[in-house]
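*Asks:* Here it is, the structure in full.
The values are calculated or read from the model by the stated rules, or taken from the named source; none is laboratory data. It should be emphasised that the depicted structure is a prediction, and the values quoted were computed from it without experimental measurement. Methodologically, a virtual Cβ is constructed for each residue, glycine included, from the backbone with ideal geometry; neighbour enumeration extends over all protein chains shown.
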Amino acid sequence: MAEQDSPAASPPNNESFLPQSTVLIVDDNPQNVELLQAFLESLPINIATASDGLEALRKIEQQPPDLILLDIMMPHMSGFQVCKRIKGDAKTKDIQVLMVTALNELGDIERATECGTDDFVSKPVNKFELLTRVKSLLRVRHLKTELERALTYLHEIEQDEEVL
């Protein structure tokens, strides 16, 4: 774990370069959840889980994650419905959503895109592909956050200059 002690010294492509992040895994199949957790354990992230869309929405409301790994075929509420709710809410629209699905027909991909997913990966999940996409989406999430902070700061400076 020594590499996590000094993230500033790590090169940008190293996992420890990622800011502290939370990933929510949403899948009704416990074996799928365990597999995804095992794949992600090498990353310096916190992992939360939900077994269906309704539980996921409750957890997102309580503590919004940076990234959601979202199964599509679930009871009560499909991943499509969950994604649409997340992306339709101003408070959660910037959360990155990676759909993890056995569906791989063009219509399913189009539907996922229409719901607002940021990316998708097909089952059976390839560990390297999953890790690459997760790291990329987490970097996007944190870069967006940094950009928003910088824009807010610049706006405040402009307002201060107008007062002077």
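*Asks:* Residues being in a helix (DSSP H, G or I) and either at pLDDT below 95 or hydrophobic (A, V, I, L, M, F, W, C) (or both): count how many of those fall in region 110-131. It would help to see each step written out before you state the result.
*Replies:* Kept after step one, since they are in a helix (DSSP H, G or I), are these residues of region 110-131: 110-115, 127-131.
Within this subset, residues satisfying the condition of being either at pLDDT below 95 or hydrophobic (A, V, I, L, M, F, W, C) (or both) are 110-115, 128, 130-131.
Residues that pass the stated criteria total 9.
*Asks:* Also, I was wondering about something else. Return the residue satisfying two criteria in turn: it lies in region 44-100 and is among the small types (Gly, Ala, Ser) and surrounded by fewer than 19 Cβ atoms within 10 Å (Cβ to Cβ), and of such residues it is nearest to residue 141 (Cα to Cα).
*Replies:* Keep residues of region 44-100 that are among the small types (Gly, Ala, Ser), which gives 48, 50-51, 53, 56, 78-79, 88, 90.
The next check asks that each one be surrounded by fewer than 19 Cβ atoms within 10 Å (Cβ to Cβ); those that pass are 48, 51, 78, 88, 90.
On the way: 48: 17, 51: 24, 78: 24, 88: 17, 90: 15 Å.
Step by step, filter region 44-100, then rank; the result is 90.
*Asks:* Within region 141-154, is even one residue of a type in the set (Gly, Ala, Ser), more than 27 Å from residue 34 (Cβ to Cβ) and over 12 Å from the mean Cα position of the chain (by Cα)? Steps first, answer last, please.
*Replies:* So the first thing to find is which residues in region 141-154 are of a type in the set (Gly, Ala, Ser), and the list is 150.
From the residues that got through so far, the ones that are more than 27 Å from residue 34 (Cβ to Cβ) too are 150.
So of that shortlist, the ones also over 12 Å from the mean Cα position of the chain (by Cα) come out as 150.
Yes, because at least one residue in region 141-154 is of a type in the set (Gly, Ala, Ser), more than 27 Å from residue 34 (Cβ to Cβ) and over 12 Å from the mean Cα position of the chain (by Cα).
*Asks:* Something else: Looking at 49, 132, 92, which is the one that is of a type in the set (Ser, Thr, Tyr) and free of Cβ contacts under 8 Å to residues at least 24 places away in the same chain?
*Replies:* Details: 49 fails: free of Cβ contacts under 8 Å to residues at least 24 places away in the same chain; 92 fails: free of Cβ contacts under 8 Å to residues at least 24 places away in the same chain.
Just a single option satisfies the conditions, and that option is 132.
*Asks:* Pairs only if they're at least six apart or on different chains, beta carbon under 7 angstrom, first in region 68-83 and among the aromatic types (Phe, Trp, Tyr), second at pLDDT below 95; list them, first residue then second.
*Replies:* 80/72; 80/111; 80/112; 80/115
*Asks:* Further question on the same structure: Residues that are touching a residue at least 40 places away in the same chain (Cβ under 8 Å), touching a Phe, Trp or Tyr at 6+ places or on another chain (Cβ under 6 Å) and of a type outside the set (Ser, Thr, Tyr): does region 142-164 have at least one?
*Replies:* Checked region 142-164: no residue is touching a residue at least 40 places away in the same chain (Cβ under 8 Å), touching a Phe, Trp or Tyr at 6+ places or on another chain (Cβ under 6 Å) and of a type outside the set (Ser, Thr, Tyr).
*Asks:* Quick one: residue 21 ticks every box in (1) of a type in the set (S, T, N, Q); (2) modelled with pLDDT of 50 or more; (3) over 17 Å from the mean Cα position of the chain (by Cα) except a single one, so which number is it?
*Replies:* (3)
*Asks:* Out of everything in region 101-140 that is closer than 21 Å to residue 29 by Cβ, out of contact with any Leu (no Cβ under 9 Å at 6 or more places or on another chain) and hydrophobic (A, V, I, L, M, F, W, C), what residue ends up being surrounded by the most Cβ atoms within 10 Å (Cβ to Cβ)?
*Replies:* Taking the candidates together, the pick is 115.
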